[in-house]
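Here is the structure we will look at, set down as structure tokens.
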Amino acid sequence: MADGTITIDIIMDDGSVKKGLASINGLEGATNKAGTSIKSMVAAMGLVKIASAAFDVLKSSVGDAVSRFDTMQKFPKVMKALGFSAQDSDKSIKKLSNGIDGLPTKLDDVVASTQHLTSITGDLDKSTDTVLALNNAFLASGASTEDANRGMQQYNQMLSSGTVDLESWKTLQETMPLALQKTAEAMGYTGKSAQRDLYAALKDGTVTFDQFQDQLIKLGTGTGMLASLAKENSLGIATSFGNLRNAVSKGLANTLTAIDKVVQALTGKSIAQNIDSLKAIINSAFGSINKSIEGSVGFFTNFKSQLSSAFKSIESFLSPIGERVSIVFGYI
């Protein structure tokens, strides 16, 4: 051994040492090459899987884009029925869209919640802020979609009645515990009993539901603690794919909006109205097809009758021949 190197002499049958070393080196090289190939194959399979998942996300985004487009078209109409202008609706939907940017939340969901809250409170601006705050509160607390829906339902129930009940409060504790704790602390209630103390204060009127809601909005929107936690707690591959889907659907929906404006300028109708007008053409085409089918009944009836007559003629022609053949075989 010299300089940290070990030299092993392998004496082959023919006395050749060099040949033996060459064979060992060749084996080592083959092993390394095989290992590299396997690594490359595994890496390639991983990339293909990721690419496939990304493609599936893009495919599903088309349906989401159409849904988002329809939501953006319907929202102003619903708000108009509740007494709000197109400008008010546009301001709200832009705020909702910006508020969920980077989060695994669909615009359709927050818009539906905003419509519901607004129908209860009559205040579009505050309803928009409340929905964004609650969305961030649920995400910051790690709630699932089902839990978030359950929590939102109970919150709406309390808001509608203007009172807090134990069942609804327990649901909020289950679906947004972290957010509830931070809101209680921000309102001066600390320690393990903070949430219970806040509930008691809401129950006896020391704290109004409006004050609770205002504090929740403060923490859950803009640069509030819950808004920041929502983005932090949502980080992950699944969220990234969700963000990709939302980004594509948002872009496609904006494209559909631009196309819709062009179509209206050229035809005087929206995309939806033009698609609806195709119904008359399709109904007419199928009506003609159905009439043709019904009209062919006589043809097929006549064809059946002629076919039956032809078979009878063939039968009458072949019957004597069959009898003669039977007689001949009877003599054999």
Exercise for the section: Determine if the range 258-266 includes at least one residue that is in contact with a helix residue (DSSP H, G or I) (Cβ under 6 Å, 6 or more places away or on another chain) and at pLDDT 75 or above. Expected result: yes
Exercise for the section: Would you check if there is a residue in the range 167-175 being of a type in the set (A, V, I, L, M, F, W, C), in contact (Cβ under 8 Å) with a residue 24 or more places away in the chain and closer than 28 Å to M72 by Cβ? Expected result: no
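Residue by residue through the range 178-195, note down the ones that are of a type in the set (D, E, K, R) and either within 37 Å of the chain's Cα centre (by Cα) or under 17 Å from L226 (Cα atoms) (or both). Let's see the steps before the verdict.
Within the range 178-195, the first condition is being of a type in the set (D, E, K, R), and the residues that meet it are 182, 185, 192.
Passing the criteria: K182, E185.
Could you pull out the residue among K182, K203, K192 that is open to solvent by 50 Å² or more (accessible area, probe 1.4 Å), more than 22 Å from I120 (Cβ to Cβ) and in contact with a Leu (Cβ under 9 Å, 6 or more places away or on another chain)?
Numbers: K203 fails: more than 22 Å from I120 (Cβ to Cβ); K192 fails: in contact with a Leu (Cβ under 9 Å, 6 or more places away or on another chain).
Unique residue meeting the criteria: K182.
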Completion exercise
Scanning the range 129-144 for residues that are among the aliphatic types (A, V, I, L, M), closer than 10 Å to A230 by Cα and open to solvent by 20 Å² or more (accessible area, probe 1.4 Å) gives L139
Problem - Condition met for V248 (outside any helix (DSSP H, G or I) and either on the phi > 0 side of the Ramachandran plot or surrounded by 14 or more Cβ atoms within 10 Å (Cβ to Cβ) (or both)) - result: no
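Of F69, F84, which residue is at pLDDT 90 or above and of a type outside the set (S, T, Y)?
Working: F69 fails: at pLDDT 90 or above.
That would be F84, the only listed residue that is at pLDDT 90 or above and of a type outside the set (S, T, Y).
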Practice task
Consider V78 carefully, then state whether it is part of a helix (DSSP H, G or I) and touching a Leu at 6+ places or on another chain (Cβ under 6 Å).
Solution key: no
Fill in the blank from the handout: Going through the range 206-227 in order, the residues found to be open to solvent by less than 60 Å² (accessible area, probe 1.4 Å) and either aliphatic (A, V, I, L, M) or part of a helix (DSSP H, G or I) (or both) are V207, F209, F212, Q213, Q215, L216, I217, L219, G220, L226, A227
Exercise for the section: Please find, among S89, S85, the residue that is crowded, with 16+ Cβ neighbours inside 10 Å, closer than 25 Å to I259 by Cα and of a type in the set (S, T, N, Q). Expected result: S89
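Looking at the range 253-279, which of the residues that are charged (D, E, K, R), assigned to a helix (DSSP H, G or I) and open to solvent by 50 Å² or more (accessible area, probe 1.4 Å) is farthest from V66 (Cα to Cα)?
So the first thing to find is which residues in the range 253-279 are charged (D, E, K, R), and the list is 260-261, 269, 276, 279.
With assigned to a helix (DSSP H, G or I) added as a condition, the list becomes 260-261, 276, 279.
After this cut, where a residue has to be open to solvent by 50 Å² or more (accessible area, probe 1.4 Å) as well, the list is 261, 276, 279.
On the way: K261: 15, D276: 15, K279: 19 Å.
The selected residue is K279.
The values are calculated or read from the model by the stated rules, or taken from the named source; none is laboratory data. Everything numeric here is computed off the predicted structure, so don't read it as measured data. A quick note on method: Cβ atoms are made from the backbone with ideal geometry, for glycine too, and the neighbour counts reach across all protein chains shown. The protein model used for the area step is the full one, side chains on, heavy atoms only, and it has no ligands, DNA or RNA in it. Shrake-Rupley method; radii C 1.70, N 1.55, O 1.52, S 1.80 Å.
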